[in-house]
Amino acid sequence: MYTIVYGTRTAVVSRAPLLLIAGFLAGAVNAVAGGGSLISFPALLAAGYAAVPANVTNTVAIWPGYVGSAVGYRSDLGGQRSRIVALAVTSVVGAVGGAVALLTTPASLFRVLVPWLLLLAAALVAVQRRVAARVQRLPGGAGEHRSVLLHASTFGGAAYGAYFGAGVGVVMLGILGLFLPDHLNRLNALRSVLVLVVNSVALAVFSLFGPVAWGAVAVMCPASLAGGWLGASVARRLDPAVLRWAVVTVASSVAAVLLFRG
């Protein structure tokens, strides 16, 4: 059983600038390119939090950013109600499984997996443009949201998102692009809602049972909300390539440090 981590007031204040910037950037990057947790999670590690508390705190802290992103994409959600309902149910089930797995498996296992999960997420962010290009080339179709393979993939993506979270937006966009031929902006809007669902489930579980550092959450939450709203509002005009490669560099560097240190 985990204990709730609050942190000392002095420690939180000293880390506040780092966490504030990381929260804002995570919200913005999640809205524009996906992979924002690859900024906020390493920032929490750098601030001195252990791997599992950092992951749990990160999930809670950047939740407002997903809200801001979903709101920012609301104009692209028109006509997608059936998709949202069907895939949200699958996402809830997958997220519950991932969150429970994180809290019931040994922390030592998560520490071993973290560098590899970071590298996996970094790789997914790196190929995002190729995935997006493939999405745009897919032929038209209808009714794909009933596909068993789509729901199985969404379940896996949601479980991954609740267990670790970093890169889950890229994972979901790739899954949606393979099964739902549509304009990229509409798929990105659907992705933002599903990731919000996954993060909401994980937030509920972790808030009740996880080692959340609430002082860090208080700093990062408003910054994440502002970043998510701003990121969504400029997503159609901003080339995310620079942000994408910055995220890849940060994630790969942190993974390398953790691998060599461990």
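The values are calculated or read from the model by the stated rules, or taken from the named source; none is laboratory data. Not measured: the values here are computed from a predicted model. Cβ sites come from the backbone with ideal geometry, for glycine too, and all protein chains shown count toward neighbours. Accessible surface areas use protein heavy atoms only, side chains included; no ligands, DNA or RNA. Shrake-Rupley method; radii C 1.70, N 1.55, O 1.52, S 1.80 Å.
At-a-glance table
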item	result
Percent accessible area from carbon and sulfur atoms, segment 38-92, protein chains only, probe 1.4 Å	66
Surface per residue (accessible, 1.4 Å probe) for segment 157-209, Å²	24
Added length on full extension, which subtracts the Cα-Cα distance from 0.36 nm per residue, V89 to T105	3.3 nm
Cα gyration tensor shape of segment 15-126, rounded if a/c is under 1.5, else prolate or oblate by comparing a/b with b/c	oblate
Per residue accessible area in Å² of segment 10-107, where ligands, DNA and RNA are left out and the probe is 1.4 Å	34
Segment 150-193: Cα Rg divided by the 2.2 N^0.38 Å rule of thumb	1.07
Packing rank of 46-52, 253-259, 156-162, 176-182, where each peptide gets the mean count of other beta carbons within 10 Å, highest leading	156-162, 176-182, 46-52, 253-259
Relative packing of peptides 69-76, 80-87 - highest average C-beta neighbours within 10 Å first	69-76, 80-87
